[in-house]
Amino acid sequence: KAQDAVDDSSQICDAAGTACCAALPPDNPSERGVQVSFFLVGANDEYGGYRSAQRSSAALAALVYGLNAYGLKAEAEVILVDWQPMWGKGKGSASPEPLRCTPEFRKVLARVPLVCEGPTDGRACRKGLVRIVEVPPNVAYRYSKEAVSEVHAFNLAARRSRGRHIFRVDQDTLTLGPFFRWLHWQKVSNWTDLNHVIWKARDFDIKREQVPTLVDDLHFYINHHTTTTAADGQPAAPCIHGAHGAKVPARPPYDKANAKGGGANWGECHNQAVGVLGLPIELVKDIRGMNEALIHWGGMEAELCTRASQSPKFINWVDISKEVCGYAFAHMTHDYAHHKNGEVPGQAMGFANTADWGLAKERSIREYVF
């Protein structure tokens, strides 16, 4: 089956001309109840002026560290889609090694903890916190000849998600302790908000020269930015979930009178750099995911919001900015090189995802479980 995990990494690594860490054979299917899936997309390229694997490996490491540290790994999974570029042009061109084989990722993947289930006596511990889904170069080139297609990659992850909710995190975003504490609040509140669209903007930038050291200093970065001071230097509002027994507030239904043009307006979808954007999986499937015409960077979240608000499965937005106690998302800085949507001559802007959205018919996509 196309979605089966495999352990033939040695053959792929030999083809890449390098020795790399082999993914172990897949475990028996887990029975754990995954509530949340995190999505990242990465590529072994030089996008942003330096190795993007430095950023995407740090983004993955932060999620692994945080989910483990805050007692969330049994209810979570991280799906990283490796969109493999071609170094040359055309089918059969040489391609870089898979991300899992790079020095940056080898260090991170070696530290992924097992997920243990069941009672203390006779607990079953399995791999599965991290799943790397590899889109081979010939497939990637067929869908996007110039750039990583995050929209296709997100849709691929959504179709494979085992969770009730999928959080999109940029490959250049570091997820910090205040978000994991908010997520733990959701856990002890029986995951009340997973049927809503959840959003928060990024909080601050990490300098480019700091990025290579992040993986070895995650404890500092993930926990240091817990703060009682607001961004303007004034005392922050009391933490809504800091009090013992604090409950998640009731979320009202969406007032469709706020929508313009039959869907949510740009302001509601937040014209800001996204730290995290989460959607219920059933909602994503109902609207057939991100618009696969919007391959280049820019605007795909707002377009997704508009269509989401038109779905009968949509309930409301939850902006968690005032509920997260401290800085939750940091941007690893880089140069910008890709076209924005609409800047490529003749690029389609309409929505035309078919029933095969998310690379559903592709059979050469491989998945590795860690």
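Laboratory data are not the source of any read-out in this text; all were calculated from the coordinates shown. As the structure is a prediction and not an experimental result, all values here were calculated from the model. With ideal geometry, Cβ positions are generated from the backbone for all residues, glycine too; neighbour counts draw on all protein chains shown.
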Enumerate the amide H contacts of Val41 below 5 Å, restricted to partners 5 or more residues apart or on another chain; note that Pro and chain-start residues carry no placed amide H. Val81, Gln171
For the stretch 123-128, Karplus-derived ³J(HN,Hα) couplings (6.51, -1.76, 1.60; θ = phi - 60°; whole Hz; x for glycine and proline) come out as 5, 9, 10, 9, 6, x
On alpha carbon coordinates alone, what is the Rg over Rh value for the stretch 107-184, Rh being the Kirkwood radius? 1.04
Using the Karplus equation 6.51 cos²θ - 1.76 cosθ + 1.60 (θ = phi - 60°), what ³J(HN,Hα) coupling, rounded to whole Hz, does each residue of the stretch 174-182 give in order, writing x for Gly and Pro? 9, 8, 10, x, x, 5, 5, 5, 4
Using 0.36 nm per residue, how much length does the chain from Ser321 to Lys145 gain when fully extended, once their Cα-Cα distance is taken away? 59.7 nm
Other-chain or far-sequence residues with amide H under 5 Å of Val130's (modelled H): Val78, Phe370
Considering amide H positions built from the backbone, and no H for Pro or chain starts, which residues 5 or more places from Tyr47, or on another chain, come under 5 Å of its amide H? Ser52
For the cross-link pairs Lys247/Lys313; Lys207/Lys361; Lys73/Lys145; Lys187/Lys285; Lys200/Lys285, which exceed 32 Å when the distance is taken from alpha carbon to alpha carbon? Lys207/Lys361; Lys73/Lys145
Rounded to whole Hz, the Karplus (6.51, -1.76, 1.60) HN-Hα couplings of the stretch 356-369, x for glycine and proline: 9, 4, x, 6, 4, 8, 6, 10, 9, 6, 10, 10, 10, 10
Pick out, in residue order, every one of the GluC sites (Glu not before Pro) in the stretch 100-149 that is DSSP loop and has at most 15 other C-beta atoms within 10 Å; say none if there are none. Glu146
Quickly work out the Arg123-to-Thr192 label distance, labels modelled 7 Å from Cα along the C-beta direction, and quote it in nm with one decimal. 2.9
